[in-house]
1. Kindly check whether there is at least one residue in the stretch 64-74 that is among the small types (Gly, Ala, Ser) and open to solvent by less than 60 Å² (accessible area, probe 1.4 Å).
2. Checking Arg140 against (1) free of Cβ contacts under 8 Å to residues at least 60 places away in the same chain; (2) part of a helix (DSSP H, G or I); (3) open to solvent by 30 Å² or more (accessible area, probe 1.4 Å); (4) not polar (S, T, N, Q), which single condition isn't satisfied?
3. Would you mention how many residues in the stretch 1-46 are closer than 19 Å to Glu66 by Cα and in a helix (DSSP H, G or I)?
4. Name the residue that is nearest to Leu114 (Cα to Cα), counting only residues in the stretch 1-24 that are open to solvent by less than 60 Å² (accessible area, probe 1.4 Å) and more than 11 Å from the chain's Cα centre (by Cα).
5. With the structure loaded, tell me whether Asn145 is of a type in the set (S, T, N, Q), buried (at least 18 other Cβ atoms within 10 Å of the Cβ) and out of contact with any Phe, Trp or Tyr (no Cβ under 7 Å at 6 or more places or on another chain) or whether it fails that test.
6. Considering only residues of the stretch 26-41 that are touching a residue at least 40 places away in the same chain (Cβ under 8 Å) and either of a type in the set (Asp, Glu) or crowded, with 18+ Cβ neighbours inside 10 Å (or both), which is nearest to Gly75 (Cα to Cα)?
7. I'm trying to understand the selection: among the residues of the stretch 74-115, which are assigned to a loop (DSSP other than H, G, I, E, B) and either under 25 Å from Leu154 (Cα atoms) or in contact (Cβ under 8 Å) with a residue 24 or more places away in the chain (or both)?
8. Would you be able to tell me the number of residues in the stretch 48-65 that are of a type outside the set (D, E, K, R) and either outside any helix (DSSP H, G or I) or farther than 19 Å from Ala96 by Cα (or both)?
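The values are calculated or read from the model by the stated rules, or taken from the named source; none is laboratory data. All values derive from a computational prediction rather than experimental measurement. Virtual Cβ from ideal backbone geometry, glycine too; neighbours counted across all protein chains shown. All accessible areas refer to the heavy atoms of the entire protein, side chains included, with ligands and DNA or RNA removed. Shrake-Rupley method; radii C 1.70, N 1.55, O 1.52, S 1.80 Å.
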Amino acid sequence: MTEDVRRVFRMDNEVLAFRFTATVSDRAGMEPRERLTGPARLKMWLQATGLDVTDVSPADLEHAVELREAIYRIGSAIAAGEQSDAKDVRTLNTVAAAGHAKAALEHERAEWHLTDTTPVGDALGVLATDAIHILGSPDRSRIKNCEGPGCAGLYLDTSRGANRRWCSMNTCGNKVKKSRLAAS
């Protein structure tokens, strides 16, 4: 039985690294939901983002979760105007440096070529590099945590007035609007 990636994961975040952090949902809720429940799920998520790996080990999953949480904590610290933890920054930089993926333009699309020897490490390197680009960019002041009930997901506020409150209008924004309508 093959699962539909869009039923398992939220794939709507414009920032790849923040889409990766969304593999945990309802982070601020009573029961955060882990969506990377095994190596097969990590493989599914990586393939859905164009980082095609053939196999994922339990150790690969452990490294991926460590990277994901480091990205999330750094992004949340930035959103709160706080200093990032040095250990998280080291994790991010180490994973980025270890990757050997090569970007290529093929059929008018950006593609990633991973090595045969360390494809998962290369894919995690792409995610770490993407995180570095956004977390260290001039737009870092636009990194926010979603205000949706229980969400707290990371997103880049690209609205003109920098006044966006939700990671996605289609999910968290609609939940808030529906609850307001139900309350009135």
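1. Within the stretch 64-74, the subset among the small types (Gly, Ala, Ser) is 64, 70.
Checking which are open to solvent by less than 60 Å² (accessible area, probe 1.4 Å) leaves us with 64, 70.
The answer is yes, given that some residue of the stretch 64-74 is among the small types (Gly, Ala, Ser) and open to solvent by less than 60 Å² (accessible area, probe 1.4 Å).
2. (1)
3. Step one: of the stretch 1-46, the residues closer than 19 Å to Glu66 by Cα are 9, 15-28, 32-46.
Of the ones still in play, those that are also in a helix (DSSP H, G or I) are 16-21, 39-46.
Of the residues in that region, 14 qualify.
4. Among residues in the stretch 1-24 that are open to solvent by less than 60 Å² (accessible area, probe 1.4 Å) and more than 11 Å from the chain's Cα centre (by Cα), the one nearest to Leu114 (Cα to Cα) is Val5.
5. Working: of a type in the set (S, T, N, Q): yes; buried (at least 18 other Cβ atoms within 10 Å of the Cβ): yes; out of contact with any Phe, Trp or Tyr (no Cβ under 7 Å at 6 or more places or on another chain): yes.
Yes.
6. So the first thing to find is which residues in the stretch 26-41 are touching a residue at least 40 places away in the same chain (Cβ under 8 Å), and the list is 26-30.
Now restrict to residues that are either of a type in the set (Asp, Glu) or crowded, with 18+ Cβ neighbours inside 10 Å (or both): 26-27.
Values: Asp26: 16, Arg27: 14 Å.
The extreme case among them is Arg27.
7. Our first condition is that a residue be assigned to a loop (DSSP other than H, G, I, E, B); within the stretch 74-115, this holds for 80-85, 99-101, 107-108, 114-115.
Ala80, Gly81, Glu82, Gln83, Ser84, Asp85, Gly99, His100, Ala101, Leu114 - these are the residues of the stretch 74-115 that are assigned to a loop (DSSP other than H, G, I, E, B) and either under 25 Å from Leu154 (Cα atoms) or in contact (Cβ under 8 Å) with a residue 24 or more places away in the chain (or both).
8. 9
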